[in-house]
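The values are calculated or read from the model by the stated rules, or taken from the named source; none is laboratory data. Remember, it's a predicted structure, so these values are computed and weren't measured experimentally. All Cβ positions, glycine included, derive from the backbone under ideal geometry; neighbour counts span all protein chains shown. Side chains included, ligands, DNA and RNA excluded: accessible areas come from the protein's heavy atoms. Shrake-Rupley method; radii C 1.70, N 1.55, O 1.52, S 1.80 Å.
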Amino acid sequence: PVADNVAARGKRRWHRAAQYHVNGVGLKKRLFSGGVDHSHHSLLDVKFKGGALEIPVLHVYDNTCSLLRNLIAMEQASSDSGVGHYVTAYCIFLSRLMCTAEDVTLLAKKGIVVHHLGSDEVVAGLFADLCKNVVFNEDDDECNYHRAACKAADERYQKRVWNWMTLLKHKHFSNPWLAMATVAAVLVTICTVVQTFFTVFPRK
């Protein structure tokens, strides 16, 4: 999948949703109040905040990807007229974030993606091909308005401590009985070490 490309030195790339999840980058549904602060709903408004990517809810229908491809084509054709590349940047993000059924399942569970198609695999296939043959400079701030969010998410993604802690949480603390067994094993190990210490170095 497109999203499996590793970021080259000095460059940042989006990763798959499942990869972010395992490596300690949160994925949250972005909520818009529309109240006193005049926070309006914008599908393109992806943010990185508090260690998590906040993503507006995307409803996927039969014609969603066709519509997005048409908007990309319009932006590409109007690149010299100052239209911008907002939809293209957003679609590049989606094509990497949800290009496998595992990613779609995770995003659907978090309420970020709501689809009305046959299966998560069908949705993943559509988005994996969404930006095929699209030319886009992700390292250009003027083209890629998501670059700051992408960089922040990737920095978090690359931190080994967060990766280790998240992996430990998913593997050993997702099940309460397994969590108790892990804690018990750690306590037994600590007691054994302490007992061994006092056996080797007894109090006088």
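A few points about this structure:
- Residue check, ALA77 surrounded by fewer than 19 Cβ atoms within 10 Å (Cβ to Cβ) and at pLDDT 90 or above: no
- When THR105 is tested against (1) open to solvent by 30 Å² or more (accessible area, probe 1.4 Å); (2) modelled with pLDDT of 90 or more; (3) closer than 20 Å to GLU138 by Cα, only condition (3) is not met.
- Exclusive hit being among the hydrophobic types (A, V, I, L, M, F, W, C) and modelled with pLDDT of 90 or more, set LEU44, LEU71: LEU71
- Test: residue in the stretch 42-60 that is in contact (Cβ under 8 Å) with a residue 12 or more places away in the chain, assigned to a strand (DSSP E or B), open to solvent by 50 Å² or more (accessible area, probe 1.4 Å) and among the hydrophobic types (A, V, I, L, M, F, W, C): yes
- Test: residue in the stretch 124-136 that is within 17 Å of the chain's Cα centre (by Cα), assigned to a loop (DSSP other than H, G, I, E, B) and modelled with pLDDT of 90 or more: no
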